[in-house]
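Okay, so here's the structure we're looking at.
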Amino acid sequence: MRLPGEYMIVSGDEDLYQLLLDTRFYSISIYDIKKEKIFTATDFKEKYGLDPIQWAKVKGMGGCTSDKVSGIPGVGPESAIKYLNGVLKDGKIKKKIESPEGQKSFRDSFYLVSLPFPGDRPIKIELTEDEKLCSLDFRDAFQKYGCGSFIKDLESWKKCFRLIPGR
């Protein structure tokens, strides 16, 4: 989704956190459809102490149950976050992460959780400064691309994307 000066990803999948970005030229945020909240790169850094691009490393080390990616056996996302922040204490988990077996498990998992996947194609709705996104255009675009289930509650989207009524 393209709004003047920003991009918005609409999803409830935390794997997409790695795509969050905030530069002086543009920003990418995520509208979490489960929580009905916008999550930004700043929010991510405050919550995890990491840059969003490191989220794939967290998932590669700690695994991702929703995607059936195992990660390094015995290492979860919390430990992976601590390791990447440099605060994981010496012990079994740190040894597992740094072991040759752990690194192989990480590499095998990382490519499964690192985005974008080859062949991924975003849906872009681009507007000029003078254009406004109308609610019916928004609905029609999502239906065209097979995402009709996203717009069951059009009122929520109107608020999130500052949609105007009509066409």
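Read the figures in this text as sums done on the coordinates, not as results from a lab. Only a predicted model underlies this, so the values are computations on that prediction, with no experimental measurement involved. Here the Cβ positions follow ideal geometry from the backbone for every residue, glycine too, while neighbour counts run over all protein chains shown.
Counting only other residues whose beta carbon sits under 10 Å from that of residue 114, what net charge do I get with K and R as +1, D and E as -1?
Once positives and negatives cancel, what remains is +1.
Which shape class applies to region 4-62: rounded if a/c is under 1.5, otherwise prolate when a/b exceeds b/c and oblate if not, where a ≥ b ≥ c are the square roots of the Cα gyration tensor eigenvalues?
Oblate is the answer for region 4-62, as a/c is 1.5 or above yet b/c matches or exceeds a/b.
Given the Cα-Cα distance of residue 70 and residue 6 and 0.36 nm per residue of separation, how much length would full extension add, in nm?
Length difference between fully extended and current span is 19.6 nm.
Please compute the length gained on full extension between residue 89 and residue 103, using 0.36 nm multiplied by the number of residues separating them and subtracting their Cα-Cα distance.
Full extension of this stretch gives 3.2 nm more.
Is the C-alpha gyration tensor of region 48-113 telling us rounded, prolate or oblate? Criteria: a/c under 1.5 is rounded; beyond that, a/b larger than b/c is prolate, otherwise oblate.
Judged from the Cα gyration tensor, region 48-113 comes out oblate (a/c at least 1.5, b/c at or above a/b).
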